[in-house]
Amino acid sequence: MKRNFIFISLPLFFIIVFSSVDAHPAIGVETTFNYTLFLHGQQRRLNITIKNGRGALVLEWESSPYQGSFCLSNKAVQYADRMYFKQPTPFTQIQTAENETLFCFISQNAYAVLKEKSHFKYNETVYREIEEVDREFLLQKNQSLPVLHVIDEIDDSEMWILADPLFPLVCEMRHNPRGVDFKLNAITYKNPTD
Amino acid sequence: MYKEIFLIITGVISLFEVTAGEVLYKYVDPMIGSEGPGRVFIGPSCPFGMTKPGPDCGSGSNSGYLPLKYAVTGFSQTHVSGTGGGPKYGNIQLMPFTGDLSEKDQLSFREDEQVSLGYYGVLLDKHGIKVEITASERVAFYQFTYDTNDSMALKIDAGFFLGEKEKQNAREAQQFVGSEITVVSDTEVAGYSRIRGGWNNGDAYTVYFYARTSQPISHFSTWKGETLFPGKSEQFDSGEKTGVLLAFGNSETHELQVKVGISFISSLKAKENIFKEIPHWQFKDSLKQIRSRWEQLLSRIEVDSEASEDKKKMFYTALYHTMLMPVDRTGENPRWISDLPYYDDFYAIWDTFRTSNPLITLIAPSREVAIVNALLNIYTHDGFMPDARSGNSNGRTQGGSNAEVLICDAYVKGLKGIDYKLALEAMLVDATVPPGGKEEKEGRGGLTDYNRIGYVSSDFVRAGNRTLDYAYDDFCIAMVAKGMGQEELYQTFLQKSDNWKNLWRDDYEHLGAKGFILPRDSQGNWLDEIDYGSSKKHKYHFTYTPLTREYPWYVCHWCGFFYEATSWEYSFSVPHQVPALIEKCGGPEAFRARLDTFFEKGIYNVTNEPSFLTPCLYHWIGRPDLSSQRICQIVGDNYNTSRSGLPGNDDSGAMSSWLAFHMMGLYPNAGQPYYLLNVPMFCKTILHHENGTTFSIVAENLSSENCYIQSATLNGEAFNQAWISHALILAGGELRFQMGPESSNWGASLFPPTTR
């Protein structure tokens, strides 16, 4: 708990700069997550890029020809207990509520609880960890990520969550009762020479 | 009588002067709209022609075509033009090559692509083979010129089709059913391809072919599945893909010609099509013939010879695109025999009823008569007229049963040769018989609601546009019934044409406008929050606003309240009761403000058909000048002569016909017997009607500065209304606009008619 507290209390800019886990580079500003959304029989590409924000996390999204952004408070990044799942609004910045992360990641606190107890509560639903031998998530170009696999107790939706306490990205969601499934294809990291 | 004779003679002479002078087909650029969202077919095709041979660059492109950086797989004989969703057809693919007969895959990059009306030519890089294609109605004519040192070979693939996906029964994907191939003689190959599905989820259709070669086949290998069979002349249909690789040895001319007859009946019928249409081997003669056929149609509208090359290209290409579909398959119907015409590839009437069919009515009314009769033919045997149809199957119905609009348009414009009694019967089936679980195929989904409570409730998908479309379709039924003396039917359906008001939420305000078409449940409650999702415990909902497009995030693409549009767009869609709509919106000033907001905030969607009429709605508040301004801006911003020169899917010529009308300064309100008048984009346009009369539209002093109509005369008499009846246009004469630099009161007081 104390260890988790130390992680949670880190200022946001440290999170943005220093988030890292063994086996993948640092997630930070200008990191782009390339997703495929599976929407009622159709597929859409969605790119989400971490941008600088003053005291907040700003995520720009792009799904050609549309784009927009989300703004999340520090508190949301650290303590949120639900996901913002509304359809992205083009050419608009949406401020999520203090208890909401964007649908593609959970809060640091939620991740810490998951690691400690093997389950956590999010979206008013308990997600339990599935113990697996192979805890790797395969991206395109054979890049692999360490993940935790969870399943919810009500609708059997599943998530594969990046094992990163500072940025617990949802790499894949399946059987979402909202009908919006998605899968991470690639992560593009900012070129360190930029 | 003598006046009529005179008019006929002058019409004929005028036509002669047009054809004796400049040819118009050279202004057609089939490449306009071939890239970007347009998706037009770029290969040769006769007007409404059944065969449309052209390049396939892989199997993913709806038209087959992709730019030069993509390799070409081959050249198939059947395509559609401007469609969205999953591709259709792409049957019987030819591909020339050199070398031995060991490889089915003969993919090649291209260069030096030459495309013009009736002709496609390109050089295949892989083996340096020049490919040239022209066509007749049902026969594709190929000319392959090989390098002097190479042997000549040709692949005929009876298993290829567009839209194939790895996943079986993928959404809107065509599915292979069977194919067969036979080497009949040393110059003849026959077979078929049987495919089902595609965008319209259609039943299996079969494309038969018969190919004749100008050089003798020296040896060949047929294939079934992945196995080649050298020397085996037949591959019967066992549910696997078949084809043949043909070798022709060395020829002194290094030229191979191939004629591919197509049929939906049999291979022998395809062979007969060759004998009837292209019995010779003169490629240039066939090319001349297809161009002549188009010239006859294009020359029915003559524009100012001083107009810029770009304007002429945009206009005549737009006319050309309008007349690619539907396709005339009279005599090629594999499902029944009938004396009536048979047309297919209505793709879809939802897209084309507003502009394409009215334009065909102006240019070639006898063709529109055939199209309407084809709808009645289909009704007689399939039980419902289509709103869309391809591969001999009805489907899919995106909104209303819009064949009603085509019939009404034909009726009010006096088209003869249609059994309107049968037509009214067919319309009434749409309006009274639920399609019984086949709502995407034909008929009116949600009809039980519509007829019981006066609107389609949220229990049904696409409730918004269905309600609006049905109200207009019912208006069309009322007009035909009235004309045929059916007073009771007229009154019933006139009343139903008011049903759009049942979804009009008077008190809803958004962006300064009041009143919108919004979701309502079957109990009459307005729904601001719409449930979605499938949790066992949680309830999810989203807020519906006039700008909401809830698909595909919350619901599937076909499952929203409006199909491919928002409430802001569709709340303008009441073409039969615009004055009542204005009243609902709060009067002329509020309506003007609403229209201004719609355009200035970028809510107007130029890429799709639902908002086609909206730029002209200023006419009904006495401001036709504002309509013209909007249209001028829209055309200038979105249409051009580039390969991306169409702003959306052309949808069988819908986008193109919208443009063509506005370039003439006319715009139809389909189903009603008049055209709205706007500032023309040509100084002079002459319509040469089928009946021999001629109607001219002249814009005196038209320029970029003089872009407002100051006054108008019709046959020398003052004409102070910004609309004109179809009858007056057909009677012949001259409409002359005086143009000037300032907005005027012309057309401000005599509003377009409202028929009741």
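Coordinate-derived values only; no laboratory data. Keep in mind that what you see is a predicted model, and the values were worked out from it rather than measured. Here the Cβ positions follow ideal geometry from the backbone for every residue, glycine too, while neighbour counts run over all protein chains shown.
Quick notes on this one:
- Segments B:418-430, B:202-214 sorted - mean Cβ within 10 Å per residue, highest first: B:202-214, B:418-430
- Cα-only radius of gyration and Dmax that characterise segment B:652-756, units Å: 13.5, 40
- For residues of A:37-44, the mean tally of beta carbons on other chains within 10 Å: 5
- Computed over segment B:531-640, the range of Cα coordinates on each principal axis works out to 57, 37, 23 Å, biggest value leading.
- Each of B:GLY261, B:VAL244, B:THR355 was placed along the dipole of segment B:236-361 (beta-carbon charges, centred on the mean Cα), and the one lying farthest toward the positive end is B:GLY261.
- For B:HIS541, the residues 5 or more places off, or on other chains, whose built amide H falls under 5 Å of its own are B:TYR532.
- Normalised by 2.2 N^0.38 Å, where N counts its residues, the alpha-carbon radius of gyration of segment A:37-183 equals 1.01.
- Dimensions in Å of segment B:252-296 - Rg and Dmax from alpha carbons: 12.7, 39
- Efficiency of FRET between B:GLN168 and B:ASN525 - r from beta-carbon atoms, R0 41 angstrom, step 0.05: 0.45
- B:GLY60 long-range amide H proximity, modeled H, under 5 Å: B:GLY163
- Cβ-to-Cβ counts within 10 Å put B:TRP746, B:TRP558, B:TRP568 in ascending order as B:TRP558, B:TRP746, B:TRP568, the fewest first.
- A DSSP coil position with no more than 12 other Cβ atoms inside 10 Å describes the following GluC sites (Glu not before Pro) in segment B:157-192: B:GLU166.
- Under Karplus coefficients 6.51, -1.76 and 1.60, residue-wise ³J(HN,Hα) of segment B:195-201 in Hz, glycine/proline x: 9, 10, x, x, 3, 8, 6
- Think of the protein assembly as shown as a dipole: +1 on every Lys or Arg Cβ, -1 on every Asp or Glu Cβ, centred on the Cα centre; then among B:TRP526, B:LEU489, B:LEU324, B:TRP526 lies furthest on the positive end.
- For the segment B:531-541, counting C-beta atoms of other chains within 10 Å of every residue's C-beta and taking the mean gives 4.
- Cubic angstrom per residue, convex hull over Cα atoms of segment B:100-155: 93 Å³
- For chain B, the percent of C-alpha pairs falling in each 20 Å distance bin, counted from 0 to the bin holding the largest distance, reads 17, 48, 29, 5, 0.
- Chain B - charge dipole about Cα centre, Lys and Arg +1 at Cβ, Asp and Glu -1, debye rounded to 20: 740 debye
- Kirkwood Rh and Cα Rg combined as Rg/Rh, segment A:38-94: 1.00
- Hz values of 3J(HN,Hα) by residue in segment B:557-565 - Karplus curve (6.51, -1.76, 1.60), Gly and Pro given as x: 4, 9, 10, x, 6, 10, 8, 6, 6
- When you count the other C-beta atoms within 10 angstrom of each residue and take the mean per peptide, B:26-35, A:148-157 line up highest first as B:26-35, A:148-157.
- Partnerless cysteines, meaning none of the other Cys C-beta atoms lie under 4.7 Å away, in chain B: B:CYS46, B:CYS57, B:CYS585, B:CYS616, B:CYS632, B:CYS683, B:CYS707
- Dipole magnitude of segment B:435-514, debye to nearest 20 (Cβ charges: Lys/Arg +1, Asp/Glu -1, about Cα centre): 100 debye
- Potential lengthening of the chain between B:HIS538 and B:LYS288 amounts to 83.2 nm, from the contour at 0.36 nm per residue minus the alpha-carbon distance.
- Taking every full run of DSSP H in chain B, the ones that stretch at least 24 Å from end to end by Cα along their long axis and average 1.0 or higher on the Kyte-Doolittle scale are B:2-20.
- P(r), alpha carbons of segment B:373-519 - 10 Å bins starting at zero, rounded %: 12, 40, 33, 12, 3, 0
- Mean ellipticity per residue at 222 nm, deg cm²/dmol - from DSSP H runs of n ≥ 4 across chain B, formula -39500 (n - 2.57): -8500 deg cm²/dmol
- For segment B:239-381, the equivalent ellipsoid built from the Cα gyration tensor has semi-axes of 32, 26, 14 Å, listed from largest to smallest.
- Charged-residue dipole, Cβ positions (Lys, Arg, Asp, Glu), the protein assembly as shown about Cα centre, Debye nearest 20: 700 debye
- Quotient of the Cα radius of gyration of segment A:118-194 and 2.2 N^0.38 Å, N being its number of residues: 1.20.
- With only the Cα atoms considered, segment B:443-595 has a convex hull volume of 120 Å³ per residue.
- Karplus 3J(HN,Hα) series, Hz, for segment B:688-698 with 6.51 cos²θ - 1.76 cosθ + 1.60 (x for Gly, Pro): 9, 7, 4, 7, x, 7, 10, 10, 10, 10, 10
- B:ASN701 versus B:ASP596: modelled label distance in nm, points set 7 Å from Cα along the beta carbon direction: 2.8 nm
- Rounded FRET efficiency, nearest 0.05, which uses the C-beta distance separating B:PHE229 from B:HIS557 and R0 of 41 Å: 0.40
- Debye intensity ratio I(q)/I(0), log10, segment B:303-446, q values 0.21 Å⁻¹ (C-alpha model): -1.31
- Modelled label positions at B:ASN691 and B:HIS219, each set 7 Å beyond Cα in the direction of Cβ, lie 6.7 nm from each other.
- Within the protein assembly as shown, the proportion of C-alpha pairs whose separation exceeds 47 Å stands at 34%.
- Centroid-to-centroid, using Cα positions, segment B:669-727 and segment B:119-166 are 46 Å apart.
- Of the residues B:MET681, B:ALA722, B:SER656, the one whose Cα sits farthest toward the positive end of the charge dipole of the protein assembly as shown, with +1 on the Cβ of Lys and Arg and -1 on the Cβ of Asp and Glu, is B:ALA722.
- Inter-probe distance in nm under a simple model that places probes 7 Å from Cα toward Cβ, at A:LYS121 and A:GLU98: 1.9 nm
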